[in-house]
1. Could you pull out the residue among A:Leu92, A:Leu105 that is within 14 Å of another protein chain (Cβ to nearest Cβ) and open to solvent by less than 60 Å² (accessible area, probe 1.4 Å)?
2. Condition check: within 16 Å of DNA strand C (Cβ to nearest atom), at pLDDT below 95 and either within 22 Å of the chain's Cα centre (by Cα) or open to solvent by 10 Å² or more (accessible area, probe 1.4 Å) (or both). Does A:Lys7 satisfy that?
3. Kindly indicate the residue of the range A:15-31 that is small (Gly, Ala, Ser) and more than 14 Å from A:Ser68 (Cα to Cα) and also nearest to the chain's Cα centre (by Cα) among those meeting that condition.
4. Just checking, which of B:Asp155, B:Asp130, B:Asp147 is among the acidic types (Asp, Glu) and under 19 Å from the mean Cα position of the chain (by Cα)?
5. Listed residues B:Ala120, B:Ala175, B:Ala171; which is free of Cβ contacts under 8 Å to residues at least 60 places away in the same chain and part of a helix (DSSP H, G or I)?
6. Could you please let me know if B:Arg19 is within 14 Å of DNA strand D (Cβ to nearest atom), open to solvent by 60 Å² or more (accessible area, probe 1.4 Å), in a helix (DSSP H, G or I) and within 14 Å of chain A (Cβ to nearest Cβ)?
7. Confirm whether A:Glu137 is open to solvent by 30 Å² or more (accessible area, probe 1.4 Å) and part of a helix (DSSP H, G or I).
8. Might you check whether a residue that is within 14 Å of chain B (Cβ to nearest Cβ) and more than 16 Å from DNA strand C (Cβ to nearest atom) occurs anywhere in the range A:53-64?
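The values are calculated or read from the model by the stated rules, or taken from the named source; none is laboratory data. This one's a predicted model, so the numbers in the text were calculated from it and none came from an experiment. Counting neighbours? That spans all protein chains shown, and the Cβs are built from the backbone with ideal geometry, glycine included. Quick note on the areas: whole protein, heavy atoms, side chains included, nothing else; ligands and nucleic acids left out. Shrake-Rupley method; radii C 1.70, N 1.55, O 1.52, S 1.80 Å.
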Protein chains: 2
Amino acid sequence: MPDAKPKKSSRIQQRNRYRILDAALDVFSAHGYRGATLDQIAEAAGLSKPNILYYFSGKEEIHVTLLSQLMETWLDPLVDMDASGDPVTEILAYVQRKLDMARELPRESRLFANEILQGAPRMRPHLTADLKPLFDEKCVVIQEWSDTGKIAPIDAQHLIFSIWATTQHYADFAAQIDLLIGPNVEAADAHLQALFSSILRK
Amino acid sequence: MPDAKPKKSSRIQQRNRYRILDAALDVFSAHGYRGATLDQIAEAAGLSKPNILYYFSGKEEIHVTLLSQLMETWLDPLVDMDASGDPVTEILAYVQRKLDMARELPRESRLFANEILQGAPRMRPHLTADLKPLFDEKCVVIQEWSDTGKIAPIDAQHLIFSIWATTQHYADFAAQIDLLIGPNVEAADAHLQALFSSILRK
DNA sequence: TCGTGGCTTTACCAATTGGTCAAAAAGTGA
DNA sequence: TCACTTTTTGACCAATTGGTAAAGCCACGA
(Lines give C-alpha, C1' and ligand atoms only; values in the text may rest on other atoms or scores of the structure.)
Protein backbone atom coordinates (compact mmCIF):
# COMPACT_ATOMS: atom_id res chain seq x y z
CA MET A 1 0.00 0.00 0.00
CA PRO A 2 2.06 2.89 -1.26
CA ASP A 3 1.34 6.38 -0.10
CA ALA A 4 0.30 4.95 3.18
CA LYS A 5 0.01 7.60 5.83
CA PRO A 6 -3.50 8.95 5.71
CA LYS A 7 -2.54 10.72 8.89
CA LYS A 8 -4.69 13.80 9.06
CA SER A 9 -2.84 17.07 9.42
CA SER A 10 -2.25 17.92 13.04
CA ARG A 11 -4.35 20.42 14.90
CA ILE A 12 -1.57 22.95 14.67
CA GLN A 13 -1.38 22.46 10.94
CA GLN A 14 -5.08 22.99 10.51
CA ARG A 15 -5.01 26.10 12.64
CA ASN A 16 -2.06 27.66 10.85
CA ARG A 17 -3.26 26.84 7.37
CA TYR A 18 -6.57 28.40 8.27
CA ARG A 19 -4.89 31.51 9.64
CA ILE A 20 -2.77 31.88 6.54
CA LEU A 21 -5.71 31.49 4.17
CA ASP A 22 -7.80 33.94 6.16
CA ALA A 23 -5.01 36.50 6.18
CA ALA A 24 -4.31 35.90 2.50
CA LEU A 25 -7.97 36.47 1.67
CA ASP A 26 -7.74 39.85 3.36
CA VAL A 27 -4.62 40.83 1.50
CA PHE A 28 -5.38 39.38 -1.93
CA SER A 29 -8.90 40.79 -2.01
CA ALA A 30 -7.66 44.22 -1.02
CA HIS A 31 -4.65 44.49 -3.31
CA GLY A 32 -4.99 41.86 -6.02
CA TYR A 33 -2.53 39.07 -6.70
CA ARG A 34 0.46 41.13 -7.72
CA GLY A 35 -0.32 43.80 -5.15
CA ALA A 36 -0.24 41.34 -2.27
CA THR A 37 3.07 40.41 -0.68
CA LEU A 38 4.04 37.41 1.39
CA ASP A 39 5.23 39.78 4.10
CA GLN A 40 1.79 41.36 4.34
CA ILE A 41 0.15 37.95 4.52
CA ALA A 42 2.67 36.80 7.08
CA GLU A 43 2.07 39.79 9.30
CA ALA A 44 -1.71 39.52 9.01
CA ALA A 45 -1.48 35.85 9.90
CA GLY A 46 0.86 36.46 12.82
CA LEU A 47 3.48 34.12 11.39
CA SER A 48 6.90 34.56 9.88
CA LYS A 49 7.32 34.47 6.12
CA PRO A 50 9.40 31.28 6.06
CA ASN A 51 6.85 29.71 8.33
CA ILE A 52 4.15 30.44 5.79
CA LEU A 53 6.28 28.81 3.13
CA TYR A 54 6.42 25.78 5.34
CA TYR A 55 2.68 25.34 4.91
CA PHE A 56 2.36 26.46 1.30
CA SER A 57 4.83 25.99 -1.48
CA GLY A 58 4.55 29.60 -2.55
CA LYS A 59 2.44 32.66 -3.09
CA GLU A 60 0.67 31.15 -6.05
CA GLU A 61 -0.38 28.02 -4.18
CA ILE A 62 -2.03 30.14 -1.51
CA HIS A 63 -3.91 32.05 -4.16
CA VAL A 64 -4.99 28.97 -6.04
CA THR A 65 -6.14 27.33 -2.81
CA LEU A 66 -8.30 30.35 -2.04
CA LEU A 67 -9.81 30.36 -5.51
CA SER A 68 -10.63 26.67 -5.33
CA GLN A 69 -12.32 27.02 -1.97
CA LEU A 70 -14.16 30.07 -3.23
CA MET A 71 -15.57 28.30 -6.26
CA GLU A 72 -17.59 25.91 -4.13
CA THR A 73 -19.31 28.48 -1.96
CA TRP A 74 -19.72 30.74 -4.92
CA LEU A 75 -21.84 28.33 -6.92
CA ASP A 76 -24.03 27.17 -4.05
CA PRO A 77 -26.84 29.71 -4.54
CA LEU A 78 -27.15 28.82 -8.21
CA VAL A 79 -27.05 25.10 -7.47
CA ASP A 80 -29.96 25.63 -5.11
CA MET A 81 -32.17 27.07 -7.82
CA ASP A 82 -34.74 24.33 -8.20
CA ALA A 83 -36.08 23.49 -11.65
CA SER A 84 -39.22 22.03 -10.09
CA GLY A 85 -39.99 25.02 -7.91
CA ASP A 86 -42.09 28.05 -8.74
CA PRO A 87 -40.13 29.96 -11.41
CA VAL A 88 -40.53 33.50 -10.15
CA THR A 89 -40.00 32.46 -6.56
CA GLU A 90 -36.88 30.48 -7.45
CA ILE A 91 -35.28 33.30 -9.41
CA LEU A 92 -36.07 35.96 -6.85
CA ALA A 93 -34.78 33.73 -4.09
CA TYR A 94 -31.59 33.29 -6.07
CA VAL A 95 -31.22 37.06 -6.32
CA GLN A 96 -31.62 37.35 -2.57
CA ARG A 97 -29.12 34.60 -1.85
CA LYS A 98 -26.55 36.24 -4.11
CA LEU A 99 -27.09 39.59 -2.44
CA ASP A 100 -26.78 38.07 1.01
CA MET A 101 -23.60 36.38 -0.06
CA ALA A 102 -22.12 39.61 -1.39
CA ARG A 103 -22.82 41.17 1.97
CA GLU A 104 -21.54 38.32 4.07
CA LEU A 105 -18.53 37.45 1.96
CA PRO A 106 -17.34 40.70 0.38
CA ARG A 107 -13.72 39.61 0.48
CA GLU A 108 -14.51 36.53 -1.55
CA SER A 109 -16.47 38.61 -4.03
CA ARG A 110 -13.57 40.99 -4.50
CA LEU A 111 -11.08 38.16 -4.79
CA PHE A 112 -13.20 36.72 -7.57
CA ALA A 113 -13.66 40.10 -9.24
CA ASN A 114 -9.93 40.75 -9.17
CA GLU A 115 -9.23 37.42 -10.79
CA ILE A 116 -11.78 37.86 -13.56
CA LEU A 117 -10.74 41.46 -14.19
CA GLN A 118 -7.23 40.28 -14.97
CA GLY A 119 -8.58 37.74 -17.41
CA ALA A 120 -8.92 34.81 -14.99
CA PRO A 121 -5.33 33.63 -15.54
CA ARG A 122 -5.39 31.24 -12.61
CA MET A 123 -9.05 30.38 -12.56
CA ARG A 124 -10.01 29.56 -16.11
CA PRO A 125 -9.80 25.79 -15.58
CA HIS A 126 -12.13 26.02 -12.59
CA LEU A 127 -14.55 28.18 -14.52
CA THR A 128 -14.64 25.79 -17.44
CA ALA A 129 -14.95 22.72 -15.26
CA ASP A 130 -17.39 23.93 -12.62
CA LEU A 131 -19.10 27.17 -13.56
CA LYS A 132 -19.77 26.59 -17.25
CA PRO A 133 -21.72 23.33 -16.93
CA LEU A 134 -23.80 24.70 -14.10
CA PHE A 135 -24.45 27.93 -15.98
CA ASP A 136 -25.55 26.07 -19.10
CA GLU A 137 -27.78 23.77 -17.10
CA LYS A 138 -29.56 26.59 -15.31
CA CYS A 139 -29.90 28.58 -18.51
CA VAL A 140 -31.82 25.70 -20.00
CA VAL A 141 -34.10 25.61 -16.98
CA ILE A 142 -34.83 29.33 -17.16
CA GLN A 143 -35.25 29.29 -20.91
CA GLU A 144 -37.76 26.52 -20.51
CA TRP A 145 -39.69 28.51 -17.93
CA SER A 146 -39.67 31.36 -20.41
CA ASP A 147 -40.67 29.25 -23.43
CA THR A 148 -43.54 27.61 -21.60
CA GLY A 149 -44.87 30.97 -20.47
CA LYS A 150 -44.23 30.46 -16.78
CA ILE A 151 -42.26 33.68 -16.75
CA ALA A 152 -42.17 36.50 -19.26
CA PRO A 153 -40.03 35.96 -22.38
CA ILE A 154 -36.42 36.57 -21.43
CA ASP A 155 -32.81 35.89 -22.36
CA ALA A 156 -31.70 33.48 -19.66
CA GLN A 157 -27.98 34.05 -20.11
CA HIS A 158 -28.17 37.80 -19.81
CA LEU A 159 -30.65 37.56 -16.97
CA ILE A 160 -28.08 35.64 -14.96
CA PHE A 161 -25.40 38.13 -15.88
CA SER A 162 -27.62 40.94 -14.65
CA ILE A 163 -28.21 39.15 -11.38
CA TRP A 164 -24.51 38.57 -10.87
CA ALA A 165 -23.65 42.14 -11.82
CA THR A 166 -26.17 43.88 -9.60
CA THR A 167 -25.61 41.76 -6.51
CA GLN A 168 -21.83 41.54 -6.60
CA HIS A 169 -21.69 45.26 -7.31
CA TYR A 170 -22.49 45.91 -3.65
CA ALA A 171 -19.34 44.09 -2.59
CA ASP A 172 -16.98 44.95 -5.44
CA PHE A 173 -17.82 48.65 -5.68
CA ALA A 174 -18.42 49.14 -1.96
CA ALA A 175 -15.89 51.98 -1.83
CA GLN A 176 -17.87 53.94 -4.38
CA ILE A 177 -21.25 53.13 -2.91
CA ASP A 178 -20.11 54.05 0.55
CA LEU A 179 -18.90 57.39 -0.74
CA LEU A 180 -22.16 58.08 -2.55
CA ILE A 181 -24.83 56.93 -0.10
CA GLY A 182 -22.98 55.80 3.00
CA PRO A 183 -23.09 52.34 4.51
CA ASN A 184 -26.88 52.05 4.65
CA VAL A 185 -27.69 49.73 1.79
CA GLU A 186 -30.76 47.95 3.16
CA ALA A 187 -32.82 49.45 0.34
CA ALA A 188 -30.85 47.31 -2.08
CA ASP A 189 -32.91 44.24 -1.21
CA ALA A 190 -36.25 45.75 -2.08
CA HIS A 191 -34.85 47.44 -5.15
CA LEU A 192 -33.36 44.31 -6.65
CA GLN A 193 -36.45 42.26 -5.85
CA ALA A 194 -38.55 44.87 -7.63
CA LEU A 195 -36.16 45.08 -10.56
CA PHE A 196 -36.11 41.38 -11.32
CA SER A 197 -39.66 40.81 -10.29
CA SER A 198 -40.85 43.34 -12.86
CA ILE A 199 -39.13 41.70 -15.79
CA LEU A 200 -40.23 38.19 -14.85
CA ARG A 201 -43.94 38.75 -14.55
CA LYS A 202 -45.91 38.54 -17.75
CA MET B 1 4.14 88.20 -15.46
CA PRO B 2 5.55 85.28 -13.54
CA ASP B 3 5.31 81.83 -14.94
CA ALA B 4 5.69 83.31 -18.36
CA LYS B 5 6.30 80.64 -20.95
CA PRO B 6 2.93 79.36 -22.05
CA LYS B 7 4.85 77.58 -24.74
CA LYS B 8 2.77 74.61 -25.74
CA SER B 9 4.47 71.27 -25.55
CA SER B 10 6.17 70.37 -28.80
CA ARG B 11 4.65 67.99 -31.27
CA ILE B 12 7.07 65.30 -30.20
CA GLN B 13 6.06 65.79 -26.57
CA GLN B 14 2.39 65.45 -27.35
CA ARG B 15 2.99 62.34 -29.39
CA ASN B 16 5.13 60.62 -26.78
CA ARG B 17 2.89 61.53 -23.87
CA TYR B 18 -0.02 60.11 -25.81
CA ARG B 19 1.87 56.93 -26.59
CA ILE B 20 2.83 56.48 -22.97
CA LEU B 21 -0.70 57.02 -21.69
CA ASP B 22 -2.14 54.65 -24.25
CA ALA B 23 0.38 51.97 -23.39
CA ALA B 24 -0.14 52.56 -19.68
CA LEU B 25 -3.89 52.18 -20.10
CA ASP B 26 -3.29 48.77 -21.64
CA VAL B 27 -1.00 47.67 -18.87
CA PHE B 28 -2.78 49.17 -15.87
CA SER B 29 -6.20 47.95 -16.96
CA ALA B 30 -4.86 44.45 -17.52
CA HIS B 31 -2.79 44.05 -14.36
CA GLY B 32 -3.86 46.73 -11.90
CA TYR B 33 -1.62 49.39 -10.43
CA ARG B 34 0.77 47.19 -8.53
CA GLY B 35 0.75 44.55 -11.22
CA ALA B 36 1.88 46.98 -13.89
CA THR B 37 5.58 47.73 -14.30
CA LEU B 38 7.32 50.65 -15.91
CA ASP B 39 9.22 48.21 -18.10
CA GLN B 40 5.96 46.80 -19.46
CA ILE B 41 4.63 50.27 -20.14
CA ALA B 42 7.91 51.29 -21.75
CA GLU B 43 7.92 48.30 -24.05
CA ALA B 44 4.28 48.75 -25.00
CA ALA B 45 4.96 52.41 -25.74
CA GLY B 46 8.09 51.66 -27.74
CA LEU B 47 10.22 53.87 -25.52
CA SER B 48 12.95 53.27 -22.98
CA LYS B 49 12.15 53.39 -19.30
CA PRO B 50 14.25 56.48 -18.57
CA ASN B 51 12.62 58.15 -21.52
CA ILE B 52 9.23 57.57 -19.98
CA LEU B 53 10.44 59.12 -16.78
CA TYR B 54 11.46 62.14 -18.81
CA TYR B 55 7.80 62.75 -19.62
CA PHE B 56 6.25 61.68 -16.33
CA SER B 57 7.70 62.06 -12.88
CA GLY B 58 6.90 58.47 -11.98
CA LYS B 59 4.56 55.52 -12.18
CA GLU B 60 2.00 57.14 -9.95
CA GLU B 61 1.78 60.31 -12.03
CA ILE B 62 0.98 58.25 -15.11
CA HIS B 63 -1.75 56.43 -13.23
CA VAL B 64 -3.24 59.60 -11.80
CA THR B 65 -3.20 61.26 -15.20
CA LEU B 66 -5.13 58.34 -16.65
CA LEU B 67 -7.69 58.42 -13.86
CA SER B 68 -8.24 62.16 -14.27
CA GLN B 69 -8.76 61.85 -18.02
CA LEU B 70 -11.05 58.89 -17.43
CA MET B 71 -13.29 60.73 -15.02
CA GLU B 72 -14.39 63.21 -17.67
CA THR B 73 -15.44 60.70 -20.29
CA TRP B 74 -16.90 58.48 -17.66
CA LEU B 75 -19.44 61.01 -16.44
CA ASP B 76 -20.54 62.24 -19.87
CA PRO B 77 -23.45 59.83 -20.35
CA LEU B 78 -24.92 60.76 -16.97
CA VAL B 79 -24.41 64.46 -17.61
CA ASP B 80 -26.40 64.06 -20.81
CA MET B 81 -29.45 62.74 -18.97
CA ASP B 82 -31.89 65.60 -19.43
CA ALA B 83 -34.24 66.52 -16.61
CA SER B 84 -36.62 68.11 -19.11
CA GLY B 85 -36.78 65.15 -21.46
CA ASP B 86 -39.16 62.20 -21.37
CA PRO B 87 -38.25 60.25 -18.22
CA VAL B 88 -38.39 56.70 -19.56
CA THR B 89 -36.66 57.70 -22.77
CA GLU B 90 -33.93 59.53 -20.90
CA ILE B 91 -33.18 56.67 -18.54
CA LEU B 92 -33.22 54.02 -21.24
CA ALA B 93 -30.98 56.18 -23.41
CA TYR B 94 -28.61 56.47 -20.49
CA VAL B 95 -28.51 52.70 -20.15
CA GLN B 96 -27.68 52.40 -23.83
CA ARG B 97 -24.94 55.03 -23.68
CA LYS B 98 -23.35 53.30 -20.72
CA LEU B 99 -23.47 49.96 -22.49
CA ASP B 100 -21.97 51.44 -25.64
CA MET B 101 -19.24 52.99 -23.58
CA ALA B 102 -18.43 49.72 -21.84
CA ARG B 103 -18.05 48.14 -25.26
CA GLU B 104 -16.02 50.92 -26.82
CA LEU B 105 -13.83 51.67 -23.83
CA PRO B 106 -13.38 48.39 -21.97
CA ARG B 107 -9.86 49.32 -20.88
CA GLU B 108 -11.15 52.45 -19.19
CA SER B 109 -13.90 50.48 -17.51
CA ARG B 110 -11.44 47.97 -16.13
CA LEU B 111 -9.04 50.69 -15.02
CA PHE B 112 -11.89 52.24 -13.08
CA ALA B 113 -13.03 48.91 -11.67
CA ASN B 114 -9.53 48.08 -10.52
CA GLU B 115 -9.23 51.38 -8.74
CA ILE B 116 -12.58 51.08 -6.96
CA LEU B 117 -11.98 47.44 -6.06
CA GLN B 118 -8.86 48.48 -4.16
CA GLY B 119 -10.81 51.09 -2.27
CA ALA B 120 -10.20 54.01 -4.66
CA PRO B 121 -6.94 55.03 -2.95
CA ARG B 122 -5.91 57.39 -5.73
CA MET B 123 -9.31 58.42 -6.95
CA ARG B 124 -11.35 59.31 -3.92
CA PRO B 125 -10.82 63.06 -4.31
CA HIS B 126 -12.04 62.93 -7.89
CA LEU B 127 -15.05 60.90 -6.89
CA THR B 128 -16.00 63.30 -4.15
CA ALA B 129 -15.42 66.38 -6.28
CA ASP B 130 -16.94 65.25 -9.57
CA LEU B 131 -19.00 62.10 -9.27
CA LYS B 132 -20.81 62.73 -6.01
CA PRO B 133 -22.41 66.10 -6.92
CA LEU B 134 -23.51 64.78 -10.29
CA PHE B 135 -24.87 61.61 -8.74
CA ASP B 136 -26.85 63.52 -6.14
CA GLU B 137 -28.21 65.90 -8.75
CA LYS B 138 -29.42 63.15 -11.04
CA CYS B 139 -30.89 61.20 -8.14
CA VAL B 140 -33.06 64.19 -7.34
CA VAL B 141 -34.21 64.34 -10.95
CA ILE B 142 -35.12 60.66 -11.04
CA GLN B 143 -36.75 60.75 -7.63
CA GLU B 144 -38.87 63.63 -8.82
CA TRP B 145 -39.93 61.70 -11.89
CA SER B 146 -40.85 58.88 -9.57
CA ASP B 147 -42.67 61.04 -7.03
CA THR B 148 -44.72 62.80 -9.70
CA GLY B 149 -45.77 59.51 -11.21
CA LYS B 150 -43.92 59.94 -14.50
CA ILE B 151 -42.20 56.64 -13.90
CA ALA B 152 -43.05 53.83 -11.51
CA PRO B 153 -42.03 54.31 -7.86
CA ILE B 154 -38.36 53.53 -7.59
CA ASP B 155 -35.24 54.06 -5.52
CA ALA B 156 -33.19 56.41 -7.68
CA GLN B 157 -29.85 55.66 -6.04
CA HIS B 158 -30.09 51.93 -6.41
CA LEU B 159 -31.50 52.26 -9.91
CA ILE B 160 -28.32 54.05 -10.95
CA PHE B 161 -26.20 51.44 -9.21
CA SER B 162 -28.03 48.71 -11.13
CA ILE B 163 -27.43 50.51 -14.40
CA TRP B 164 -23.74 50.91 -13.66
CA ALA B 165 -23.41 47.33 -12.51
CA THR B 166 -25.14 45.69 -15.45
CA THR B 167 -23.49 47.76 -18.18
CA GLN B 168 -19.94 47.80 -16.85
CA HIS B 169 -20.22 44.09 -16.16
CA TYR B 170 -19.81 43.44 -19.88
CA ALA B 171 -16.40 45.12 -19.83
CA ASP B 172 -15.15 44.17 -16.39
CA PHE B 173 -16.19 40.52 -16.48
CA ALA B 174 -15.55 40.03 -20.18
CA ALA B 175 -13.25 37.10 -19.50
CA GLN B 176 -16.05 35.22 -17.74
CA ILE B 177 -18.73 36.18 -20.24
CA ASP B 178 -16.54 35.19 -23.15
CA LEU B 179 -15.98 31.82 -21.56
CA LEU B 180 -19.69 31.27 -20.90
CA ILE B 181 -21.35 32.51 -24.08
CA GLY B 182 -18.54 33.56 -26.40
CA PRO B 183 -17.97 37.00 -27.84
CA ASN B 184 -21.49 37.47 -29.21
CA VAL B 185 -23.09 39.84 -26.77
CA GLU B 186 -25.46 41.73 -29.04
CA ALA B 187 -28.39 40.35 -27.08
CA ALA B 188 -27.26 42.42 -24.12
CA ASP B 189 -28.75 45.58 -25.59
CA ALA B 190 -32.27 44.22 -25.88
CA HIS B 191 -32.04 42.49 -22.54
CA LEU B 192 -30.97 45.57 -20.60
CA GLN B 193 -33.53 47.74 -22.34
CA ALA B 194 -36.21 45.24 -21.37
CA LEU B 195 -34.94 44.94 -17.83
CA PHE B 196 -34.96 48.64 -17.07
CA SER B 197 -37.97 49.35 -19.19
CA SER B 198 -40.04 46.91 -17.18
CA ILE B 199 -39.30 48.49 -13.84
CA LEU B 200 -39.86 52.05 -15.04
CA ARG B 201 -43.30 51.65 -16.55
CA LYS B 202 -46.21 51.95 -14.15
C1' DT C 1 15.98 11.14 30.07
C1' DC C 2 16.80 11.04 25.52
C1' DG C 3 15.98 11.02 20.71
C1' DT C 4 13.02 11.89 16.98
C1' DG C 5 10.07 14.37 14.01
C1' DG C 6 7.37 18.23 13.34
C1' DC C 7 7.47 23.24 13.68
C1' DT C 8 9.78 27.93 13.75
C1' DT C 9 13.21 31.28 13.10
C1' DT C 10 17.48 33.79 11.69
C1' DA C 11 20.25 34.90 8.07
C1' DC C 12 20.60 35.13 3.50
C1' DC C 13 20.01 35.36 -1.77
C1' DA C 14 18.86 36.45 -6.61
C1' DA C 15 15.60 38.76 -9.38
C1' DT C 16 12.67 42.48 -10.09
C1' DT C 17 11.45 47.15 -9.94
C1' DG C 18 10.98 52.24 -9.52
C1' DG C 19 13.98 55.62 -10.21
C1' DT C 20 18.66 58.53 -11.07
C1' DC C 21 22.43 60.57 -13.71
C1' DA C 22 25.55 62.01 -16.89
C1' DA C 23 26.61 61.78 -21.40
C1' DA C 24 25.33 61.08 -26.19
C1' DA C 25 22.24 62.09 -29.95
C1' DA C 26 19.01 64.65 -32.38
C1' DG C 27 16.64 68.78 -33.43
C1' DT C 28 16.39 73.71 -34.18
C1' DG C 29 16.99 78.57 -35.16
C1' DA C 30 20.33 82.04 -36.80
C1' DT D 1 27.56 75.74 -40.28
C1' DC D 2 27.36 76.52 -35.36
C1' DA D 3 25.71 77.13 -30.75
C1' DC D 4 22.04 75.81 -27.90
C1' DT D 5 18.06 73.19 -26.41
C1' DT D 6 15.38 69.14 -26.27
C1' DT D 7 15.20 64.24 -26.35
C1' DT D 8 17.17 59.66 -25.68
C1' DT D 9 20.06 56.25 -23.81
C1' DG D 10 23.22 53.04 -21.17
C1' DA D 11 24.91 52.22 -16.79
C1' DC D 12 23.78 52.12 -12.36
C1' DC D 13 21.39 51.98 -7.60
C1' DA D 14 18.67 51.01 -3.44
C1' DA D 15 14.57 48.86 -1.92
C1' DT D 16 11.39 45.27 -2.24
C1' DT D 17 10.04 40.67 -2.87
C1' DG D 18 9.54 35.60 -3.46
C1' DG D 19 12.01 32.11 -1.91
C1' DT D 20 15.97 29.01 0.41
C1' DA D 21 19.04 26.78 3.89
C1' DA D 22 20.22 25.38 8.01
C1' DA D 23 20.12 25.58 12.60
C1' DG D 24 17.21 25.80 16.77
C1' DC D 25 13.06 24.76 19.38
C1' DC D 26 9.66 21.90 21.31
C1' DA D 27 6.37 18.18 22.29
C1' DC D 28 6.03 13.47 23.01
C1' DG D 29 6.68 8.49 23.18
C1' DA D 30 10.04 4.90 24.60
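1. Values: A:Leu105 fails: within 14 Å of another protein chain (Cβ to nearest Cβ).
It is A:Leu92.
2. Numbers: within 16 Å of DNA strand C (Cβ to nearest atom): yes; at pLDDT below 95: yes; either within 22 Å of the chain's Cα centre (by Cα) or open to solvent by 10 Å² or more (accessible area, probe 1.4 Å) (or both): yes.
In short, yes.
3. So in the range A:15-31, the residues small (Gly, Ala, Ser) come out as A:23-24, A:29-30.
Next cut, more than 14 Å from A:Ser68 (Cα to Cα) only: A:23, A:29-30.
Values: A:Ala23: 17, A:Ser29: 12, A:Ala30: 15 Å.
Among those residues, the one meeting the criterion is A:Ser29.
4. Working: B:Asp155 fails: under 19 Å from the mean Cα position of the chain (by Cα); B:Asp147 fails: under 19 Å from the mean Cα position of the chain (by Cα).
Criteria check complete, one pass: B:Asp130.
5. Working: B:Ala120 fails: part of a helix (DSSP H, G or I); B:Ala171 fails: free of Cβ contacts under 8 Å to residues at least 60 places away in the same chain.
On inspection, the qualifying residue turns out to be B:Ala175.
6. Numbers: within 14 Å of DNA strand D (Cβ to nearest atom): yes; open to solvent by 60 Å² or more (accessible area, probe 1.4 Å): yes; in a helix (DSSP H, G or I): yes; within 14 Å of chain A (Cβ to nearest Cβ): no.
It is false that B:Arg19 is within 14 Å of DNA strand D (Cβ to nearest atom), open to solvent by 60 Å² or more (accessible area, probe 1.4 Å), in a helix (DSSP H, G or I) and within 14 Å of chain A (Cβ to nearest Cβ).
7. Values: open to solvent by 30 Å² or more (accessible area, probe 1.4 Å): yes; part of a helix (DSSP H, G or I): yes.
When the stated conditions are applied, A:Glu137 passes them.
8. There is at least one residue in the range A:53-64 that is within 14 Å of chain B (Cβ to nearest Cβ) and more than 16 Å from DNA strand C (Cβ to nearest atom).
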